[in-house]
Amino acid sequence: MNETAAVPELDIDPYAPENLLHPYPMHERMREAGAVVRLSPYPSVMACARHEQVHAVLNDHATFISSAGVGLTNFRTEKPFRPPSLILEADPPHHTATRAILSRILSPKTVMQIRATFAAEADALVERCVAKGEIDGIHDLAQPYPLKVFPDAVGLDGEGRENLLLYGDLVFNSMGPRNELLARSAERVGPVTQWIMDHCQRAQLRPGGFGDQIYQAAEAGEITMEQAPMLVRSFLSAGVDTTINGIGNALYSLAQHPGEYARLHGDPALARPAFEEALRWESTAQTFYRTAVRATEIAGVPVQENTKVLCMLAAANRDPRKWPDPDRYDITRRPVGHMAFGSGIHGCVGQAIARLEGEVVLSALARRVKRIELTGEPTRRLNNTLRALETLPLRLIPA
Ligand code: OVV
């Protein structure tokens, strides 16, 4: 028997619109087929959908590297769509200094310092939503909140922030195949890339903000002055679209589970675990790739050098081998070990800020709103990497 014959092959395209719209049946097929599977539309890729293997790959960064790109494109053989990120698409030792800087800027100590401001903004915005009564959960709440607080913290002024939405959409689409979704967001992005690069310059960044702190690290010699704008670019790439969809998905999770919302309303201190469980249940980042730097194995399955390994974060988050009753949204589950922020040395460096944003929005809602009702069918914004809603029609019934 030849070795590859042992790897199940499924005729599944994770980027087909029906799978982006309804990923869960696909996840189950992939998990149940084997610890590692192949997907016939992408014959060179190996995919993991079970929690154990996703965790194992992400925690062996010496074997499964990021510098060949964390999307489908292999940077060793194909040109990246933009200069690689100095943190996301880098390995140690290059990754070490950039990670340390972002980690310090986005630390729990920073969260303590920004908490009151972030909470006040959430209270004010939720207050306006409650006054309206009927809202679009995305356009009135999930989108404006991160778009206000995060660029403020980075130190950008108010103008042109919608560029961050278009850029985030492009960056996350670029991690999939060159399909219709990527073509359409590339089409719309025109002057956006230039706007982003301009706003990575120190002159655009308020002294003391997260962006300026990167330049301070460069002045201190931790990175070069040329690297500083590229590291600011990581804030502008990963800091907004992700939290918008994390909050949007959490609102939708709660709207679909009135019993869980009632528990949250009864005890607003559950805001943080309710957000965490939404990250597990509807993972914002559905997928990331690694690349095998040498011949290796996953769960005993041989993996050739230079193989792209698809880690299905969202599938791992509902793996019945890991989670009891995995399809149940349960705000008191405390889903420690979920993969929505990844895992290992590349685990989301902004996760403390993301959690703060989710917590204060859900807490503001829990204190002011007795019930949330869906008033129509939400619509999805398809993206190759993100689980995203375009609209979420809601009625907020005041406490
Ligand atoms: C986690 C993430 C997503 C997208 C972009 C980046 C990071 C970046 O570093 O640019």
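The values are calculated or read from the model by the stated rules, or taken from the named source; none is laboratory data. No experiment lies behind these values; they were computed from the predicted model shown. For neighbour counting, all protein chains shown are included, and Cβ atoms are generated from backbone atoms with ideal geometry for every residue, glycine included.
Values computed for the structure shown
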read-out: In region 178-187, the residues that are in a helix (DSSP H, G or I) and basic (Lys, Arg); value: ARG184
read-out: Residues (in contact with a helix residue (DSSP H, G or I) (Cβ under 8 Å, 6 or more places away or on another chain) and without any contact (Cβ under 8 Å) to a residue 24 or more places away in the chain) located in region 201-249; value: TYR215, ALA218, THR224, MET225
read-out: Residue match in region 188-207 (condition: out of contact with any Gly (no Cβ under 7 Å at 6 or more places or on another chain), within 16 Å of the ligand (Cβ to nearest atom), over 24 Å from THR98 (Cα atoms) and in a helix (DSSP H, G or I)); value: yes
read-out: Check on LEU88, closer than 25 Å to GLU305 by Cβ and within 20 Å of the chain's Cα centre (by Cα); value: yes
read-out: Pair list, Cβ < 6 Å and 6+ apart or interchain, from region 173-197 residues that are over 26 Å from ARG290 (Cα atoms) and modelled with pLDDT of 95 or more to residues that are within 16 Å of the ligand (Cβ to nearest atom) and not charged (D, E, K, R); value: VAL192/ASN163; VAL192/LEU166; VAL192/TYR167; TRP195/ASN163; ILE196/TYR167; ILE196/LEU236
read-out: Qualifying helices (runs of 4 or more DSSP H) (wholly inside region 3-61; at least 1 residues being over 16 Å from VAL309 (Cβ atoms) and hydroxyl-bearing (Ser, Thr, Tyr)); value: 23-33
read-out: Counted residues, region 129-169 - those being more than 24 Å from SER253 (Cβ to Cβ), not hydrophobic (A, V, I, L, M, F, W, C) and not in a helix (DSSP H, G or I); value: 6
read-out: Entirely in region 256-375, the strands (runs of 3 or more DSSP E) that have 3 or more residues that are more than 16 Å from the ligand (Cβ to nearest atom) and at pLDDT 95 or above; value: 296-298, 301-303, 308-312, 369-374
read-out: Sole residue being within 16 Å of the ligand (Cβ to nearest atom), more than 26 Å from VAL303 (Cβ to Cβ) and surrounded by fewer than 19 Cβ atoms within 10 Å (Cβ to Cβ), chosen from PRO92, PRO108, PRO83; value: PRO83
read-out: Close pairs (9 angstrom Cβ cut-off, 6 or more residues apart or separate chains): in contact (Cβ under 8 Å) with a residue 24 or more places away in the chain and hydroxyl-bearing (Ser, Thr, Tyr) in region 81-104, part of a loop (DSSP other than H, G, I, E, B) and surrounded by fewer than 19 Cβ atoms within 10 Å (Cβ to Cβ) anywhere; value: THR98/GLU222
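Rundown of residues vs (1) under 18 Å from the mean Cα position of the chain (by Cα); (2) buried (at least 19 other Cβ atoms within 10 Å of the Cβ), yes/no style:
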residue: ARG321; (1), (2): no, no
residue: ARG328; (1), (2): no, no
residue: GLY337; (1), (2): yes, no
residue: SER343; (1), (2): yes, yes
residue: ILE353; (1), (2): yes, yes
residue: GLU357; (1), (2): yes, yes
residue: ALA366; (1), (2): no, yes
residue: LYS370; (1), (2): no, no
